[in-house]
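The values are calculated or read from the model by the stated rules, or taken from the named source; none is laboratory data. Only a predicted model underlies this, so the values are computations on that prediction, with no experimental measurement involved. With ideal geometry, Cβ positions are generated from the backbone for all residues, glycine too; neighbour counts draw on all protein chains shown. Side chains included, ligands, DNA and RNA excluded: accessible areas come from the protein's heavy atoms. Shrake-Rupley method; radii C 1.70, N 1.55, O 1.52, S 1.80 Å.
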Amino acid sequence: MSSVVLDYLGQWTTTQYLVTAVIVLLILFYYYSTSYLGVWEKVGVPGPKPLPLLNHMLDLRQGLEAAYQKWFQQYGQTFGCYGIHPHKATLVTKDLNLIKEILVKDFENFTVRYRSIETKTNLGKGLSSASAGTWQRHRHVTNPMFTGVRMKAMLHHVTASARNLTELIRQCVERGDLISIKQISTKFSTEVIARVGFGIYTHPASTEETEFAHYSRTLLNFGNFKMRKSAVTFLYYFPHVYSFLQSFISSLDFINSKSDQYFNTIVKAAIDARKRELIDENNARDMLDLLTKASVEDNDIKLTQKGAKKMTEEEIMANSKILILAGVETIATALQGIMFCLAQHPEVQVKVVREVDEVITDLDNIEYEQLSQLKYTEQVINEGLRLFPLLSYVTRLTKETKKYGDITIVKGTVVQIPLGPLMVDPDHWTDPYKFDPDRFTPENKAKRDPMAYLPFGYGPRICLGQRLAMMELKIVLAYLLKNFQFGLSERSEPKKGETIKMELFGSTVLRPQKPVLIEAIKKDVL
Ligand code: HEM
């Protein structure tokens, strides 16, 4: 029989071989690309039907948020879909009970954050991408860097950086320029991280960009984004091939190799220098001191009682870079949204100024305890983060198949909690697009389920830097509003009467389509 087949194949032309090979490859490709479909139908989770190979691409032409809005209307608070992440089934929910199960009650089943593409640099060994047990160890080491006591010790760095930011805005105002709030705030947030994280004193009040600022700005490989976008689209169907190619083509990695190398070098040098010093929590000068204190040889890392609070040098390098990535862009983007809201609402600005003037009489001597008295300012920050969340969604990977009420979440699927739609859901927010800081008075907060407001996530994996973020935002607002009055005009972006249009950048980060530019007037000339 086999010799008959061989004789038959021997008579084939090259073209016949090629055509057959192509057909076999197409069939294999089809089976591979559709092998993960049908998961939600099997367990009765509603959702849109995927098209062969294209999945939901037609619905997604208007953007992810628009598609989700449509599907929430069609299928209710929870639906299943396919291929939002390469080769993965995804469950999307804004059901508050289910969100609580995922983020808090059954955290064990959703400990891991899902990423479509992982970096091949050592940043992948850090807290943000770590597997369940490793994440726990990293969080043990990093949590103490953000306690109230540590914040108190870091406060003077934040005020020094806020003073520099004020000076930069003063220079803009004197030149008659609009304030590019994101660009200018990035200098502030970079300076804060350089100081509190690494003990490096940058000089952002000068127009020259420091080395630290340059490499932190370029750490994410978005310079190459257009090229990568087409590569990502092509390799959407072959995530494993993409991951393999990343090892050889560094431009496919979302981490820039030069910037990565720069931070590896400075962190390694700092670890070596600091290892010689005796550091304990009380004399730690910055976050790197605390991380170095936890450093241990690679082969001693085990999740035992003894090794639980330890990290390898590679992990310390990774976590240092995560602090930069998580701490620079976030604060600048948050400030951009909040300052826009204040510029659009002069009456709210007046109320914040009144409170700041009452609580803080001397900007150069702000005390940590005073910040908790800035209650209305905090309401304004909360409302700004509700309308302009920084991340479009929080993701988790499901460890085991389990049923929660009517919904079965299947092992290996991605769970997505879309922050934007959740925080403007009319079921929880009346007149949801209106800027109204009074939504966050203690009385109004008490009436609302906490799961309806998640700008920092929730549960054990909540944003590590939340305390630092709130401290930075309050101090900056105090400095800026005591010195300037902000507003919109015919030349601002957006213009008076218009609002910011947000877009998805990369796979999770939300940002305005156009950078926000607002007017500022110095108070001493008013
Ligand atoms: C307004 C500013 C910020 C916002 C809105 C924000 C928001 C978030 C969100 C939504 C998450 C995901 C939480 C989850 O998966 O449940 C997160 C994680 C994280 N954030 Fe922030 N963040 C901000 C500022 C910062 C700052 C200043 C730092 C540190 C310097 C920081 C460090 C982190 C880290 C390390 C994680 C990962 C935590 C983990 O995986 O355990 N963030 N943040």
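Annotations
- Checking T190, T186, T119 one by one, the residue that is away from the ligand (no atom under 11 Å from the Cβ), not charged (D, E, K, R) and not in a helix (DSSP H, G or I) is T119 and no other.
- Boolean, F486 is in a strand (DSSP E or B), away from the ligand (no atom under 16 Å from the Cβ), over 17 Å from the mean Cα position of the chain (by Cα) and crowded, with 17+ Cβ neighbours inside 10 Å: yes
- Looking across the range 138-154, the residues that are open to solvent by 10 Å² or more (accessible area, probe 1.4 Å) and in contact with an Asp or Glu (Cβ under 9 Å, 6 or more places away or on another chain) come down to V141, P144, V149, R150, K152.
- For the range 47-107, the helices (runs of 4 or more DSSP H) that sit wholly inside it and include 3 or more residues that are out of contact with any helix residue (DSSP H, G or I) (no Cβ under 8 Å at 6 or more places or on another chain) and open to solvent by 10 Å² or more (accessible area, probe 1.4 Å) are 64-75.
- Of all residues making up the range 247-261, the number that are loosely packed, with under 13 Cβ neighbours inside 10 Å and of a type in the set (G, A, S): 1
- Within the range 450-478, the residues that satisfy the criterion of being away from the ligand (no atom under 11 Å from the Cβ) and either free of Cβ contacts under 8 Å to residues at least 60 places away in the same chain or surrounded by fewer than 23 Cβ atoms within 10 Å (Cβ to Cβ) (or both) are P450, M451, A452, Y453.
Okay, residues lined up against (1) over 25 Å from the mean Cα position of the chain (by Cα); (2) among the hydroxyl-bearing types (S, T, Y); (3) at pLDDT 80 or above:
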{"position": "S251", "(1), (2), (3)": "no, yes, no"}
{"position": "Y262", "(1), (2), (3)": "no, yes, yes"}
{"position": "V267", "(1), (2), (3)": "no, no, yes"}
{"position": "R274", "(1), (2), (3)": "yes, no, no"}
{"position": "N283", "(1), (2), (3)": "yes, no, no"}
{"position": "D286", "(1), (2), (3)": "no, no, yes"}
{"position": "D298", "(1), (2), (3)": "yes, no, no"}
{"position": "K306", "(1), (2), (3)": "yes, no, no"}
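- Where L481 falls short, out of the listed (1) among the hydrophobic types (A, V, I, L, M, F, W, C); (2) more than 15 Å from the ligand (Cβ to nearest atom); (3) part of a loop (DSSP other than H, G, I, E, B): (3)
For every residue, the table says whether it meets (1) of a type outside the set (A, V, I, L, M, F, W, C); (2) over 16 Å from the mean Cα position of the chain (by Cα); (3) modelled with pLDDT of 90 or more.
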site: L464; (1), (2), (3): no, no, yes
site: K474; (1), (2), (3): yes, yes, yes
site: K482; (1), (2), (3): yes, yes, yes
site: P515; (1), (2), (3): yes, yes, no
site: I518; (1), (2), (3): no, yes, yes
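- Output for the range 199-240, where each listed residue is outside any loop (DSSP other than H, G, I, E, B), among the aliphatic types (A, V, I, L, M) and modelled with pLDDT under 80: M227, A231, V232, L235
- Filter pass, V22 being within 25 Å of G420 (Cβ to Cβ) and of a type in the set (V, I, T): no
- The set of residues from the range 436-449 being surrounded by 11 or more Cβ atoms within 10 Å (Cβ to Cβ) and touching a Lys or Arg at 6+ places or on another chain (Cβ under 9 Å) comprises P437, R439, F440, T441, K445, R448, D449.
- Condition met for E493 (buried (at least 20 other Cβ atoms within 10 Å of the Cβ), acidic (D, E) and either touching a residue at least 40 places away in the same chain (Cβ under 8 Å) or within 16 Å of the ligand (Cβ to nearest atom) (or both)): no
- Of the helices (runs of 4 or more DSSP H) that lie entirely inside the range 347-433, those containing 3 or more residues that are away from the ligand (no atom under 12 Å from the Cβ) span 368-371, 375-387.
- Positions within the range 156-183 being open to solvent by less than 10 Å² (accessible area, probe 1.4 Å) and either aliphatic (A, V, I, L, M) or not in a helix (DSSP H, G or I) (or both), in sequence order: V158, A162, L165, I169, I179, I181
- Some residue of the range 355-372 being small (G, A, S) and either surrounded by 21 or more Cβ atoms within 10 Å (Cβ to Cβ) or out of contact with any Asp or Glu (no Cβ under 9 Å at 6 or more places or on another chain) (or both): no
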